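Remarks on the structure that follows.
The values are calculated or read from the model by the stated rules, or taken from the named source; none is laboratory data. Here the structure is a predicted model, which is why all the values come from computation and not from measurement. No Cβ is skipped: glycine too gets one built from the backbone with ideal geometry, and neighbour counts run over all protein chains shown.
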């Protein structure tokens with residue numbers, strides 16, 4: 001299954017748009033679009049509202065994308081918590 005970032009990135013590429021073009025047309029920063037496409041444990045997460053707006057901009061149904069995004073966020077948060085706990089035990 002593709003990640004939300006992969007889905008959004010593919011939709012942008014399919015429309016022939018750059019991150020900056022999407023950001024300009026949506027009135028958000030290019031970093032916001034980039035964070036949405038490359039979310040991982042070391043990157044800032046964007047809000048569900050931003051995911052909805054980006055999905056709608058691309059003509060995608062936002063509901064399944066937001067549901068998957070929430071699962072991905074939960075996984076990342078759990079991993080980060082486990083990593084912090086492991087560092088405390090080691091330290």
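Data for the structure
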item: Members of the range 15-30 that are at negative phi and either part of a loop (DSSP other than H, G, I, E, B) or touching a strand residue (DSSP E or B) at 6+ places or on another chain (Cβ under 6 Å) (or both); result: 15, 17, 18, 28, 29
item: Complete set of residues in the range 13-39 that are under 23 Å from residue 63 (Cβ atoms) and within 13 Å of the chain's Cα centre (by Cα); result: 32, 33, 35, 36, 37, 38, 39
item: Residue within the range 70-82 that is touching a helix residue (DSSP H, G or I) at 6+ places or on another chain (Cβ under 6 Å), assigned to a helix (DSSP H, G or I) and either without any contact (Cβ under 8 Å) to a residue 24 or more places away in the chain or surrounded by 17 or more Cβ atoms within 10 Å (Cβ to Cβ) (or both) present; result: no
item: Those residues of the range 56-69 which are free of Cβ contacts under 8 Å to residues at least 12 places away in the same chain and either outside any loop (DSSP other than H, G, I, E, B) or surrounded by 11 or more Cβ atoms within 10 Å (Cβ to Cβ) (or both), in sequence order; result: 56, 62, 63, 64, 67
item: Residues being modelled with pLDDT of 90 or more and either part of a loop (DSSP other than H, G, I, E, B) or surrounded by fewer than 17 Cβ atoms within 10 Å (Cβ to Cβ) (or both) - total across the range 31-46; result: 1
item: Residues within the range 9-30 that are crowded, with 18+ Cβ neighbours inside 10 Å and within 27 Å of residue 79 (Cα to Cα), tallied; result: 1
